[in-house]
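Asker: Here you go, one structure.
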Amino acid sequence: MAAARQSCQFTNPSPLVGLAPPIQDVVLHRTPGFTAWHDDHWLVHCDDAMAYRGRIGHPEIGQHPDALMAVRDELRAFDWPGEQVDEYVEGLDANGSPTAYLFTRLHCGAESTYSDID
């Protein structure tokens with residue numbers, strides 16, 4: 001296993017704290033990570049790691065209503081006014097900044113995301 005040979009992890013372990021050790025092992029040592037503008041943040045739900053699907057921008061996020069709601073909720077948590085949230089979401093770019101990282105819940109198939117900006 002490459003991770004063991006190199007004594008490394010493929011993603012930031014912080015979001016995985018509290019998950020069962022076998023789940024942490026799969027994500028940290030057997031699942032390719034992804035590059036984020038800041039620290040990558042692996043999403044979890046129902047005591048399990050979610051599946052990373054890739055980066056998405058404004059054109060794609062409309063096809064993923066749960067993910068769109070997650071980004072909007074994320075920004076509202078920072079007390080952003082609605083107009084600023086709309087402008088940010090409209091600026092999402094799968095290949096640029098800001099961008100959103102799409103995940104799927106393994107147990108129910110629902111999607112979630114978080115966003116990041118350079």
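Only the coordinates and a few stated rules stand behind these numbers; no lab work does. None of the values given here were measured: they were computed from a predicted structure. Because the Cβ atoms are built from the backbone with ideal geometry, glycine has one as well, and the counts that use them run over all protein chains shown.
Asker: Using DSSP to call loops (not H, G, I, E or B), can you name the chymotrypsin sites (Phe, Trp or Tyr not before Pro) in the range 44-108 whose Cβ has at most 14 other Cβ atoms within 10 angstrom? Please report the intermediate quantities before stating the final value.
Answerer: Values: sites: Tyr52, Phe78, Tyr88, Tyr101, Phe103; in loops: Phe78.
Passing both the DSSP loop test and the Cβ count: Phe78.
Asker: Given 0.36 nm per residue, what is the gain on full extension from Ser14 to Ser97 after removing their alpha carbon distance, in nm? Before the final figure, lay out each step's value.
Answerer: Working: separation 83, 0.36 × 83 = 29.88 nm, distance 2.35 nm.
This chain segment gains 27.5 nm when fully extended.
Asker: Related question: I'd like to know which of Gln63, Gly109, Thr99 lies farthest towards the positive end of the charge dipole of the chain, counting +1 on Cβ of Lys and Arg and -1 on Cβ of Asp and Glu.
Answerer: Value computed over the given set: Gly109.
Asker: Another question about this same structure. Quick check on the chain: helices-only [θ] at 222 nm, where DSSP H runs of length 4 and up contribute -39,500 (n - 2.57) each and the sum goes over total residues. Nearest 500, please. Walk me through the numbers before you get to the answer.
Answerer: Values: 5 runs with 35 residues, N = 118.
Per the formula, -7500 deg cm²/dmol.
Asker: Right, here's the next one. Note down the magnitude of the dipole of the chain about its Cα centre, charges +1 on Lys and Arg C-beta and -1 on Asp and Glu C-beta and zero elsewhere, to the nearest 20 debye. Let's see the in-between values first.
Answerer: On the way: 7 positive and 18 negative charges, 134 e Å.
Dipole size: approximately 640 debye.
Asker: Residues with beta-carbon under 10 Å from that of Trp80, excluding Trp80: net charge, scoring Lys, Arg +1 and Asp, Glu -1?
Answerer: Details: positive: Arg72, Arg76; negative: Glu74, Asp79, Glu83, Asp86, Glu87.
Result for the local shell: -3.
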